[in-house]
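What follows is calculated from the coordinates using simple rules that are stated; it is not laboratory data. Computed from a prediction, not measured in an experiment: that's the story for all the values here. With ideal geometry, Cβ positions are generated from the backbone for all residues, glycine too; neighbour counts draw on all protein chains shown.
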Amino acid sequence: MRQTLVAGNWKLNGSKESIEELLKGVLSGMSEVKSDVAVCAPYVYIPLVEELLKDTDVAFGSQDISMYESGAYTGEISGAMLTDFSCKFSIVGHSERRTLFGEKDADTAKKFAAAQKYGLTPILCVGELLEERENGTTEAVVARQLDAVINLVGVEALEKAVIAYEPVWAIGTGKTASPQQAQDVHAFIRSKIANLNKSVAEKIQILYGGSVNGGNADELFAMPDIDGGLIGGASLKADDFLAICQAG
Ligand code: PGA
């Protein structure tokens with residue numbers, strides 16, 4: 001059995017004060033939680049999050065990472081910098097990076113490699129746009145996004161990674177993929193990996209993301225190939241996030 005992981009993605013939200021309140025709330029409910037739990041914070045708050053989560057069961061990470069190691073790359077944050085603050089995870093290839101900031105499949109693959117080079121666990125996001133679902137290319141799109149990574153780092157590298165399937169039309173829209181719709185894509189991802197390496201496919205956690213909340217998490221996480229969630233909006237309130245962490 002794969003362990004369930006619930007990871008919060010705070011996106012461009014939070015302040016010193018709100019983060020302290022949020023994490024205190026989350027920590028106060030952790031005794032009821034069996035899933036692994038992590039939060040992905042805006043870069044500048046990572047030192048604060050490190051301090052607040054010291055000696056707790058909640059892990060943390062970044063929402064992105066530079067594909068570069070050091071040098072003249074204004075505004076970038078490297079894997080080495082993140083591990084200086086004991087980050088465990090880095091989200092790579094989130095659809096907002098891809099659609100709003102022009103990140104290409106090849107860039108995501110380099111970020112995946114950069115994260116692993118420093119011992120960070122990449123949370124690789126894949127998922128189709130609404131028009132891609134409607135024209136029947138969901139699997140082709142997800143396969144292309146996965147192949148970019150597998151071709152660069154090899155399938156074995158997925159052993160130390162997490163995948164998040166996030167249909168773009170379900171992110172922040174209140175429209176969730178049905179458990180069966182999500183399961184179908186998760187099963188496709190796992191079988192695609194199994195064709196290359198069975199044991200990696202069996203072990204890898206594949207999270208679902210896109211309008212997960214306390215009311216739908218149970219049903220989603222009960223599907224055989226859904227191993228938890230990547231949570232945006234509902235990760236910003238301790239009670240909502242805890243309700244999801246307690247599911248599954
Ligand atoms: P959402 O975001 O839960 O607000 O839909 C999920 C994500 O973008 O990771």
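The table for this structure:
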{"item": "Per-residue [θ]222 nm for the chain (sum of -39500 (n - 2.57) over DSSP H runs n ≥ 4, rounded to 500)", "result": "-11500 deg cm²/dmol"}
{"item": "Among Asp57, Asp227, Asp147: highest mean-square fluctuation, GNM of the chain, C-alpha pairs under 10 Å", "result": "Asp57"}
{"item": "Cβ charges +1 (Lys, Arg) and -1 (Asp, Glu), total dipole of the stretch 1-78, debye", "result": "220"}
{"item": "Interchain or long-range residues, amide H under 5 Å from Glu128's placed H", "result": "Val168"}
{"item": "Cα pair distances exceeding 26 angstrom across the chain, given as percent", "result": "33"}
{"item": "Within the chain: Cβ-based charge dipole about Cα centre, in debye rounded to nearest 20 (Lys, Arg +1; Asp, Glu -1)", "result": "360"}
{"item": "Cα lying deepest toward the dipole's positive end in the chain, options Met1, Ala72, Val26, charges on Cβ", "result": "Ala72"}
{"item": "GNM top mover of Ile123, Ile77, Ile231 - the chain, alpha-carbon springs below 10 Å", "result": "Ile77"}
{"item": "Karplus-derived 3J(HN,Hα), 6.51/-1.76/1.60, for each residue of the stretch 42-51, Hz, glycine and proline x", "result": "x, 3, 5, 8, 4, x, 5, 5, 4, 5"}
{"item": "Shape call, the stretch 53-138: gyration tensor on alpha carbons, a/c limit 1.5", "result": "oblate"}
{"item": "For Gly228, residues with placed amide H under 5 Å, excluding near neighbours", "result": "Leu5, Tyr208"}
{"item": "The stretch 49-67-the stretch 151-170 distance, computed between alpha-carbon centres (Å)", "result": "20"}
{"item": "The stretch 83-91 - phi-based ³J(HN,Hα) in whole Hz, Karplus 6.51/-1.76/1.60, Gly and Pro as x", "result": "6, 4, 10, 6, 5, 9, 10, 9, 6"}
{"item": "Least to most buried among Arg144, Arg98 (fewest other Cβ within 10 Å first)", "result": "Arg144, Arg98"}
{"item": "Estimated vicinal HN-Hα couplings, Hz - the stretch 127-141 in sequence order (Karplus 6.51, -1.76, 1.60; Gly, Pro = x)", "result": "x, 9, 6, 4, 5, 5, 4, 5, 9, x, 10, 3, 5, 5, 5"}
{"item": "Contact order relative to length of the chain, as percent, for alpha carbon pairs under 8 angstrom and 6 or more apart", "result": "22"}
